[in-house]
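Asks: Take this structure first; my questions come after.
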Amino acid sequence: MNTTDRSEIYDVVVVGGGAAGLSAALVLGRARQRALVVDAGEPRNAPSPHMQGYLTRDGMSPAEFLALGREEIDRYGVELVRDRVSDVTRDGDFTVALGAGGAVRARRLIVATGLKDELPDVPGVAERFGKDVLHCPFCHGWEVRDEPFGVLAASAMSVHQALMVSQWSKDVTLFLHRVAEAELTDQDLRRLAAAGVGVVPGEVAGLLVEDDRLAGVRLADGTTHARSVLFTAPRPLPQTGLLERLGAEMNETPFGAYPVVDPTGLTTVPGVWAAGNAIGFAEQVVHAASGGYRAASAIVGDLLMSRLDAAVDG
């Protein structure tokens with residue numbers, strides 16, 4: 001691919017090569033669209049050794065899943081370049097600047113840049129994340145069922161996480177960390193008691209690890225609590241800078257700002273779709289793949305009607 005030759009134009013450039021981007025690329029390739037995927041190679045679920053809940057792919061490693069996806073889009077002539085998009089400008093079509101230099105042109109864009117997880121600044125949490133420090137019980141709960149769970153509170157909303165994980169274990173302790181007991185409502189306390197969730201106030205100072213396995217949680221006062229699994233809620237950091245620069249309308253949520261989209265993923269910027277974690281923090285792999293499919297199929301129809309209308313208008 002000659003990224004400095006702006007005389008040629010792609011039907012679609014897909015920014016991001018995760019589940020959403022590759023799913024979109026597969027649909028575009030099969031629909032005979034000239035498509036390019038620009039992939040920085042930084043998937044959100046990289047720390048996890050396996051992914052769950054995706055029919056026929058349950059237990060597959062994220063790396064294997066993406067490798068198979070890249071093989072599939074290659075069969076249909078979709079190009080993929082390992083790079084990141086540094087900027088996008090619009091002058092009728094889109095000019096997509098690449099970090100390694102040069103630019104490509106596109107008639108339509110799909111932004112599938114995902115998000116990054118900012119973990120609590122507790123020693124040991126980042127090192128164990130994806131192993132026995134987890135965030136999603138639907139992703140990992142079955143594999144650690146019935147073990148002693150801890151939940152490291154990031155805010156008062158962590159009560160909800162503690163209640164949810166009690167579906168997978170009856171031995172759950174909520175560590176309030178830097179959340180004051182007064183922030184918990186009476187209803188929170190009643191629900192925690194009904195679920196059998198213990199509540200431990202006090203700041204968490206670190207984790208106890210033995211033989212490369214989580215063994216417990218240590219508080220700042222020196223007390224320890226034996227736990228083999230720790231759930232926590234990372235702070236999601238949406239990677240939506242390109243959408244913001246294009247002028248997409250954003251929706252502020254407790255979990256970050258995400259673009260306003262229609263059911264196909266079309267943003268408020270004509271010709272720009274978004275999919276996967278670029279539209280919401282809770283999008284799982286299966287949702288991301290579905291969103292990429294919807295966006296791509298909508299674009300195929302949009303491009304076709306544009307060409308037909310141009311021909312009619314002559």
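Asks: Looking at (1) assigned to a loop (DSSP other than H, G, I, E, B); (2) in contact (Cβ under 8 Å) with a residue 60 or more places away in the chain, can you tell me which one residue 38 breaks?
Replies: (1)
The rows are residues; the columns are (1) under 18 Å from residue 97 (Cβ atoms); (2) not aromatic (Phe, Trp, Tyr).
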site: 12; (1), (2): yes, yes
site: 17; (1), (2): yes, yes
site: 20; (1), (2): no, yes
site: 43; (1), (2): no, yes
site: 51; (1), (2): no, yes
site: 54; (1), (2): no, no
site: 73; (1), (2): no, yes
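Asks: Could you count how many residues in region 72-114 are among the polar types (S, T, N, Q) and more than 15 Å from residue 16 (Cβ to Cβ)?
Replies: 2
Asks: Among the numbered criteria (1) under 22 Å from the mean Cα position of the chain (by Cα); (2) under 25 Å from residue 46 (Cα atoms); (3) surrounded by fewer than 16 Cβ atoms within 10 Å (Cβ to Cβ), which single criterion is violated by residue 145?
Replies: (1)
Asks: Here's something else I'd like to know. With respect to residue 286, is the statement that it is in contact (Cβ under 8 Å) with a residue 40 or more places away in the chain, open to solvent by 50 Å² or more (accessible area, probe 1.4 Å), assigned to a helix (DSSP H, G or I) and farther than 12 Å from residue 109 by Cα true?
Replies: Yes; evaluated as a whole, the condition is true for this residue.
Asks: Here's something else I'd like to know. Taking the condition of being buried (at least 20 other Cβ atoms within 10 Å of the Cβ), out of contact with any Ser or Thr (no Cβ under 9 Å at 6 or more places or on another chain), assigned to a loop (DSSP other than H, G, I, E, B) and on the phi < 0 side of the Ramachandran plot, how many residues in region 235-268 meet it?
Replies: 1
Asks: Filter region 269-281 for residues that are in a loop (DSSP other than H, G, I, E, B) and either touching a Pro at 6+ places or on another chain (Cβ under 9 Å) or surrounded by 21 or more Cβ atoms within 10 Å (Cβ to Cβ) (or both) and give the result.
Replies: 269, 275, 279, 280, 281 - these are the residues of region 269-281 that are in a loop (DSSP other than H, G, I, E, B) and either touching a Pro at 6+ places or on another chain (Cβ under 9 Å) or surrounded by 21 or more Cβ atoms within 10 Å (Cβ to Cβ) (or both).
Asks: Now for a separate question. Take the residues of region 210-234 that are of a type outside the set (D, E, K, R) and either touching an Asp or Glu at 6+ places or on another chain (Cβ under 8 Å) or in a helix (DSSP H, G or I) (or both): which is most open to solvent (accessible area, probe 1.4 Å)?
Replies: 220
Asks: Here's something else I'd like to know. Can you run down the residue pairs with Cβ atoms below 8 Å, 6 or more apart or on separate chains, where the first is in region 118-147 and closer than 24 Å to residue 220 by Cα and the partner is among the aliphatic types (A, V, I, L, M) and in a helix (DSSP H, G or I)?
Replies: From region 118-147, the pairs are 119/125; 119/126; 132/144; 133/125; 134/144.
Asks: Now for a separate question. Exactly one condition in (1) touching a Leu at 6+ places or on another chain (Cβ under 8 Å); (2) closer than 26 Å to residue 131 by Cα; (3) modelled with pLDDT of 95 or more is not met by residue 44; state its number.
Replies: Tallying (1) touching a Leu at 6+ places or on another chain (Cβ under 8 Å); (2) closer than 26 Å to residue 131 by Cα; (3) modelled with pLDDT of 95 or more, residue 44 fails exactly one: (3).
Asks: Shifting gears a bit: Could you give every pair whose Cβ atoms fall below 8 Å, whose first residue belongs to region 159-176 and is open to solvent by 60 Å² or more (accessible area, probe 1.4 Å), and whose second residue is outside any loop (DSSP other than H, G, I, E, B), counting only separations of at least 6 or pairs across chains?
Replies: 164/137; 167/137; 171/149
Asks: Could you check region 279-304 and list, in sequence order, the residues that are farther than 14 Å from residue 33 by Cβ and hydrophobic (A, V, I, L, M, F, W, C)?
Replies: Within region 279-304, 279, 281, 282, 285, 286, 288, 289 qualify.
Asks: Still on this structure: Of the residues that make up region 192-203, is at least one loosely packed, with under 12 Cβ neighbours inside 10 Å and part of a helix (DSSP H, G or I)?
Replies: Looking for residues that are loosely packed, with under 12 Cβ neighbours inside 10 Å and part of a helix (DSSP H, G or I), one finds at least one in region 192-203, hence yes.
Asks: Still on this model: Identify, from the list 59, 29, the residue that is farther than 20 Å from residue 277 by Cβ and in contact with a His (Cβ under 9 Å, 6 or more places away or on another chain).
Replies: Checking each option against the conditions leaves just 59.
The values are calculated or read from the model by the stated rules, or taken from the named source; none is laboratory data. Quick caveat, the model's predicted, so the values are computed rather than measured. Cβ sites come from the backbone with ideal geometry, for glycine too, and all protein chains shown count toward neighbours. In case anyone asks, the SASA skips ligands and DNA or RNA and just uses the protein heavy atoms, side chains included. Shrake-Rupley method; radii C 1.70, N 1.55, O 1.52, S 1.80 Å.
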